[in-house]
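The values are calculated or read from the model by the stated rules, or taken from the named source; none is laboratory data. Please read all numbers here as calculations on a predicted model, not as lab measurements. Cβ placement follows ideal geometry from the backbone for every residue including glycine, while neighbour counts extend to all protein chains displayed. Each accessible area value is taken on the protein alone, full model and side chains, heavy atoms only, with ligands, DNA and RNA left out. Shrake-Rupley method; radii C 1.70, N 1.55, O 1.52, S 1.80 Å.
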Amino acid sequence: MLSQLPAPVLENLMANSVQRSFSSGETIFLQGEPAYAIFLIVEGWVKLYRISTSGAEAVVAILKRNRSFGEAVALRDQPYPVSAEAISDCTLIQIDGKRIRRQIIENPELGLNLLAATQVHLHALIEQVEQLKARSGVQRLAEFLVDLAEGQPNHNRLPLPYNKTLIAGHLGIQPESLSRAFAKLRDHGVRIEGNHATIDDLELLRDLANQDKGQPWVR
């Protein structure tokens with residue numbers, strides 16, 4: 001969100017920002033609360049979710065380091081449409097929403113950067129809908145593991161960043177379906193050992209994630 005800002009604009013914006021630490025399971029904000037700030041993830045993982053009228057939880061997004069959240073509603077001074085929870089110990093940078101609105105008036109380039117950040121979230125949601133509509137649970141799990149492996153020095157053995165119930169919620173499948181999907185991935189060189197995934201061939205797994213939905217053996 002801030003990577004393209006000129007140094008003076010960035011320094012001015014960050015001058016009154018606050019670094020906050022959250023423990024795993026701690027609430028950052030709740031759905032319906034006034035949107036008072038934008039958050040940048042320095043370390044850790046954050047879950048964005050909604051609670052339906054029936055009390056069911058729907059996971060909207062799982063965000064990791066270098067992602068931001070809360071931009072659109074903080075800029076419009078509206079309530080948060082989701083709740084945010086730390087799903088690991090994490091460090092966030094909190095930037096006051098009112099200060100950002102004042103800064104945008106002085107530096108329109110900041111507004112363009114914030115608009116670009118909201119577009120990132122929009123594209124992520126579009127990809128999520130595409131996964132739910134056009135990919136099987138096995139393919140969604142394969143893509144999740146491929147994304148997790150990207151940029152890791154040892155992608156053959158990966159720590160799972162959060163528990164399997166949350167992984168299932170993130171992928172839009174039931175926990176029992178996740179167990180079956182992990183079992184099917186054994187034929188593609190993936191083994192689960194505790195909270196680690198061992199991947200024999202990352203390219204093979206990537207091919208599976210991109211396989212045509214019509215292939216019945218990946219469903």
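Only one entry in Arg157, Arg135 is more than 17 Å from Gly44 (Cβ to Cβ) and either out of contact with any Lys or Arg (no Cβ under 7 Å at 6 or more places or on another chain) or of a type in the set (Asp, Glu) (or both), namely Arg157. Starting from residues that are in a helix (DSSP H, G or I) and more than 11 Å from Asn156 (Cβ to Cβ), keep the ones in the range 190-204 and report whichever is least open to solvent (accessible area, probe 1.4 Å). The residue in question is Leu204.
For the residues Arg50, Arg76, the requirement of being farther than 27 Å from Ile173 by Cα and open to solvent by 70 Å² or more (accessible area, probe 1.4 Å) singles out Arg76. Checking the range 167-179 against the condition returns no match, with no residue being at pLDDT below 90, acidic (Asp, Glu), in contact with a Gly (Cβ under 8 Å, 6 or more places away or on another chain) and open to solvent by 20 Å² or more (accessible area, probe 1.4 Å). All of (1) in a loop (DSSP other than H, G, I, E, B); (2) more than 19 Å from Ile87 (Cα to Cα); (3) touching a residue at least 60 places away in the same chain (Cβ under 8 Å) hold for Gln139 with one exception: (1).
Would you check if there is a residue in the range 96-114 being closer than 24 Å to Asn163 by Cα and either open to solvent by less than 30 Å² (accessible area, probe 1.4 Å) or over 15 Å from the mean Cα position of the chain (by Cα) (or both)? Let's see the steps before the verdict.
Step one: list which residues in the range 96-114 are closer than 24 Å to Asn163 by Cα, which gives none.
Within the range 96-114, none of the residues are closer than 24 Å to Asn163 by Cα and either open to solvent by less than 30 Å² (accessible area, probe 1.4 Å) or over 15 Å from the mean Cα position of the chain (by Cα) (or both).
Evaluation of Pro161 against the conditions (1) open to solvent by 70 Å² or more (accessible area, probe 1.4 Å); (2) at pLDDT below 90 shows that the sole unmet condition is (1). Residues in the range 53-73 that are closer than 24 Å to Gln152 by Cα, touching a residue at least 40 places away in the same chain (Cβ under 8 Å) and of a type in the set (A, V, I, L, M) were compared, and the one that is surrounded by the most Cβ atoms within 10 Å (Cβ to Cβ) is Ile62.
Within this structure, Ala86 fails the test of being touching a residue at least 12 places away in the same chain (Cβ under 8 Å) and over 26 Å from Lys164 (Cβ atoms).
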